[in-house]
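The values are calculated or read from the model by the stated rules, or taken from the named source; none is laboratory data. Keep in mind it's a predicted model, so treat the numbers as computed, not measured. Reconstructed Cβ throughout: ideal geometry from the backbone, glycine too, with neighbour counts over all protein chains shown. Heads up: the accessible areas ignore ligands, DNA and RNA and are worked out on the full protein's heavy atoms, side chains in. Shrake-Rupley method; radii C 1.70, N 1.55, O 1.52, S 1.80 Å.
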Amino acid sequence: MKKTSTLLLVLMALLAPMTGSAEEVTFDFQNNPQGWPVGEGANFADGNLTSPLVVGEVTLTGIQGDATQPCRLMKPNDGIIALYVYKNGSIKFNAAEGRALTKIEVTMKTGSFDLTASTGAVADNVWTGNATEVVFNHAASGNRQMLKIVVTTDAENAETVKPAAAEFDVEAADIAAFRAAEDGKKVKLTLTNAQVNAVDAIFNYAYLEDASGAVEVTGITLTAGNVLNGYVIGTKSSDVLDYSNPDGGREIKLAATDDKTFTATAASLTATAIEVAAIANAENHGRLMVISNVEIKKEGRFYYAYSGEDKVQVKDAFMVLPTDYEWPANATSITGLVTFNGARWQIAPLKAADIVAAGVQPTEVTFDFSNSSLMAPGTKLTDPAGFIFNKTFTVDNVALQVTAGSAQSAIYTDASRGTCLAMFPMYAMMGITAPEGYAVTKIDFTQAGKGDLNMTPVVGAVEDHTWTGNSDVVYFTMPQKIGTAYLSKVTVTLAAKNAETSTATIDYIECANIAAFNALADGTPAKVTLTNAEVLGISANGYGTAWIQDATGGCLIQYSSLIENLKEKTKLNGVVYVILRKNSGNTQMKDAIDTPKSEIAATEISDYTIVEGTLAEVNVAANLNKLVKISGASFAATSATEGTLTQGDATIIVSNGGATANQQLHKITDTWTKDVTKMENVTIVAILTGKSDTVNQLLPLSMTEGSGDGIQNVNAVNAQNLTIYNLQGVRMNQLQKGINIVNGKKIVIK
C-alpha cells in the first residue's frame, strides 16, 4: 500500500506541469481594485502609465513610441474607467520567470481588440499563443479603450517563444556617450529627460537634447516639446558641415531602428544660457540656447546678433515669424536652436516670443523652479533653507508670490521630482502680478511628478494645468486639504491691458480685533487690526507659529511669513492680511498674499496680561490661546510628557513638550517622571489651547507648588543636580517610591 501511494505521488508530480499549472490574473481597469492612478477631468495625464502595472505574475507596460498620447487609465465624463491606447502606442505583457503567456482575453468598452500582436494570433478579442512576452501595437486611427484584460499563464516549455535580445554594439548612458561612439556602430542610447527641441516635419528629423549634449534623430516620429525617458537603438554617424572651415559644425546623427521603448511627456523646454563668443563649438549643434543683450545688424541678406565683436547669425529657420517681421536693433534675449549651415553658425527661434526686443516687455515669462534659477533649494521638504515665507520672485517685471498652507511652502530638491516648488493645501496662496500696462492672459503650470494641480483661481478658469483669463493680478487658493501641488515651472503669458482686463482683488473681511477674527468661518480672508497683541510663545517645530492675545481673545499666528524675527514678550500693533484656519479647536492666522510687513510694529513688554480664575472658570472657548492662571489645583503626571491638572470636578491635560506642533512651546522639565509624580496646591501659568476639536490642554510657562514641603518651581528642578536622601539618611542617586528628602524638602513619589 505504501509502495502504491509513492507511485501515485510520482505520477502526479510528472503530470503537474502538463495539467493544472495554468493560472489566470485579471487587470480590472473599470473597478480598479489595485487603486492605480486614474486621469480624470482636466487632469487626464495623472493616469499616464509611467510605470508598469503588475498583477500576480504578469506585468503590463504602456509604450508610447511615436504616439501623440501615452497609454493611460482615464475616467471620462461617463464615469467609466478604461485603459486607453492611442494610435502608434503599444501595450506589452511579460510573464514571470519560468512562465509563459498562453491566452489574453480583452473586454472592450467599445469596438473590437484589433491591435497587432508581436507573436501568436488575435481572434474575437482573444489572443492565443505561447510566449514569455507579447507586444500589441495600435497602428490604426483613433484610440482603443479596454475595460478588463484576463491573462492566462502556464509553465514555459520548449515551444515557448522568447523575445530576441536587442542587438547593438555600444550602450550609451547619455547623448554625450552616443556622440563619442564610432561611426557606423549600432548604439543603444538611454534617454533621461531628453527634450525634443525642434522637428523638421518635411524631412522627418528631430533635434534631441539631454543634459550632456544634442543629437539629430531620424527614423522615428517625435513631437517638439516632449521630454523622453527610456531608450532607442540606432546607428551613429556624423558629418562635418563645412570641410573648408576647421571650426565648422559637426552634425551627429542617430538613425533609429524599430527597437525603442520610451515615454514622452509634454513639458516646457529648458534653454541654456551662452555667450555669443562660445556658440561656435561643434558640441552646441542642435542645442536650445539663449543669448542676451545683443545688437542686431543686417549684413547683405542676413541678420547677425553682435556682442562686442563676436557675432552669430539669427535666422527664422522654422518659419515662426510673420512675413513682415522686422528684427529689433537690440534684443534683451534671443532663444533658439543652434545649428551650423552654409558656413555660418545660426540661432533659430522656435516662436516669435523667443525674441525679446530691448526695452520691450517680454510677453512670455517663465519662473523655472526646476533648475534653481530663482533661489537655492532646500535639501528636503522640511529644510528651512528652502522655505519661501512671503518672498516675491520677479522675472522680467512679472511678480510671483506664494504663501504657506498646512505647512511651509518651499523650494526643494526631491529624488523623484527634481527641484520644484511645493505648495501645501489648506489655504496656501499664489499671486501672479503683471507689470504696469499689461494683463495676464494665460498661465501654464508644469508639474513635477504626478498629482492634481489643486489650485482654484479667484478669476478666470483652469483646465488641463492651464489658466486662461484677462487680469492684472491672478490669485490662486488651495482651500481644501486635497493634495500638495508640486511645480517645476510656471509660464506666464502677457498681453496689453484693455477695457476687459479685470483688477483682481481678494475680499478681505475687516476685523477690529482677534475676537472678531475668531468669529469668522474657516477659510475666510481677513484684514485684522492688532492692538497691543501680546506674543505669548513661539513653537519649536520650524514652521513659525506663535500664540498671541489681545484684550478680546487669542489665536495662533504663522509669524514667519507675516512678521520677521518675532520674539516673546513683545506686543504687536498694526494690520495683517490673513486667512482663518481652524484646526484642533484653535483658530490660526495663515498668511495671505497682501500682508504688508511694514504695517506691523513690535515693541517689548515687561509682563503679560493674564486671565485668572478657577480651572472651570478659565477653561472656556473665549480664553482659547490666551494666557491663564489657576491656583490651588492638584497635578499628577500620566507620562513623561503629559499630566493632569485637577481642581474640584474639573480636569485638563498639561502638556510638557510633546511631539506635535501645538505642544512644542515650553518644556518646563526634561520629563515629568524624573522629577515629580504628584504635586498639591499648584499654581500654574499656561496658554490654554486646543488639543483637539473637543479637548483643551495647557502649555505651561511656569508651575509652582504652594506647600513648604514641595518643590517651589518645576523649572528649577533637574534630577541630575539634586541632593536626594531617604528617611534613613542614605544618599540616593535618583528619586525612589515613597518619601524623598530633596535639597532639604520632602517629596512623596507614589
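At-a-glance table
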| read-out | value |
| --- | --- |
| Test: residue in segment 279-299 that is among the hydroxyl-bearing types (Ser, Thr, Tyr), in contact with a Lys or Arg (Cβ under 8 Å, 6 or more places away or on another chain) and either closer than 30 Å to residue 165 by Cα or open to solvent by less than 70 Å² (accessible area, probe 1.4 Å) (or both) | no |
| Pair list, Cβ under 6 Å, 6 or more apart: segment 273-292 residue closer than 15 Å to residue 344 by Cβ, other residue part of a loop (DSSP other than H, G, I, E, B) and open to solvent by 60 Å² or more (accessible area, probe 1.4 Å) | 280/247 |
| Residue ID - modelled with the lowest pLDDT, chosen from residues in segment 683-725 that are open to solvent by 50 Å² or more (accessible area, probe 1.4 Å) and outside any loop (DSSP other than H, G, I, E, B) | 716 |
| Tally of residues being open to solvent by 40 Å² or more (accessible area, probe 1.4 Å) and touching a Leu at 6+ places or on another chain (Cβ under 8 Å) across segment 75-91 | 1 |
| Search result, residues across segment 334-355 that are closer than 13 Å to residue 314 by Cβ and in contact with an Asp or Glu (Cβ under 8 Å, 6 or more places away or on another chain) | 334, 335, 336, 348, 349 |
| Single match in 357, 404 (criterion: closer than 30 Å to residue 496 by Cα and among the aliphatic types (A, V, I, L, M)) | 357 |
| Cross-chain or 6+ apart pairs with Cβ under 7 Å, segment 433-456 first and within 13 Å of residue 43 (Cα to Cα) and free of Cβ contacts under 8 Å to residues at least 40 places away in the same chain, then of a type in the set (S, T, N, Q) and open to solvent by 40 Å² or more (accessible area, probe 1.4 Å) | 449/416 |
| Number of the exception - residue 347 against (1) crowded, with 20+ Cβ neighbours inside 10 Å; (2) closer than 30 Å to residue 524 by Cα | (2) |
| Residue selected from segment 101-118 under the condition modelled with pLDDT of 95 or more and hydroxyl-bearing (Ser, Thr, Tyr), by the criterion farthest from residue 81 (Cα to Cα) | 102 |
| Strands (runs of 3 or more DSSP E) contained in segment 196-281 and holding at least 1 residues more than 26 Å from residue 320 (Cβ to Cβ) | 226-240, 250-266 |
| Meets criteria (of a type outside the set (Lys, Arg), surrounded by 19 or more Cβ atoms within 10 Å (Cβ to Cβ) and within 30 Å of residue 272 (Cα to Cα)) for residue 224 | no |
| Exclusive hit being in contact with a Pro (Cβ under 9 Å, 6 or more places away or on another chain) and modelled with pLDDT under 95, set 331, 352 | 352 |
| Tally, over segment 269-278, of residues that are open to solvent by 40 Å² or more (accessible area, probe 1.4 Å) and within 19 Å of residue 228 (Cβ to Cβ) | 3 |
| Positions within segment 125-147 being surrounded by 17 or more Cβ atoms within 10 Å (Cβ to Cβ) and under 22 Å from residue 261 (Cα atoms), in sequence order | 131, 132, 133, 134, 135, 136, 137, 138, 143, 144, 145, 146 |
| Enumerated strands (runs of 3 or more DSSP E) restricted to segment 395-510, each holding at least 2 residues that are under 14 Å from the mean Cα position of the chain (by Cα) and under 19 Å from residue 378 (Cα atoms) | 410-414, 418-423, 485-496 |
| Conditions (1) under 22 Å from residue 81 (Cα atoms); (2) open to solvent by 30 Å² or more (accessible area, probe 1.4 Å); (3) in contact with a Ser or Thr (Cβ under 7 Å, 6 or more places away or on another chain); number of the one not met by residue 150 | (2) |
| Contacts under 8 angstrom Cβ, first residue in segment 177-193 being without any contact (Cβ under 8 Å) to a residue 60 or more places away in the chain and over 21 Å from residue 227 (Cβ atoms), partner open to solvent by less than 60 Å² (accessible area, probe 1.4 Å) and charged (D, E, K, R), 6 or more apart | 181/236; 182/236; 183/236; 184/236; 185/236 |
| Selection status of residue 452, open to solvent by 30 Å² or more (accessible area, probe 1.4 Å), in contact with a strand residue (DSSP E or B) (Cβ under 6 Å, 6 or more places away or on another chain), modelled with pLDDT of 85 or more and of a type outside the set (Gly, Ala, Ser) | no |
| Every residue from segment 497-519 that is modelled with pLDDT of 90 or more, hydrophobic (A, V, I, L, M, F, W, C) and buried (at least 18 other Cβ atoms within 10 Å of the Cβ) | 511, 514, 517 |
| Test: residue in segment 481-488 that is open to solvent by 40 Å² or more (accessible area, probe 1.4 Å) and at pLDDT below 90 | yes |
| Matching entry among 80, 104, 91 (being part of a loop (DSSP other than H, G, I, E, B) and among the aliphatic types (A, V, I, L, M)) | 80 |
| Within segment 164-214, considering residues that are among the polar types (S, T, N, Q) and within 35 Å of the chain's Cα centre (by Cα), the one most open to solvent (accessible area, probe 1.4 Å) | 193 |
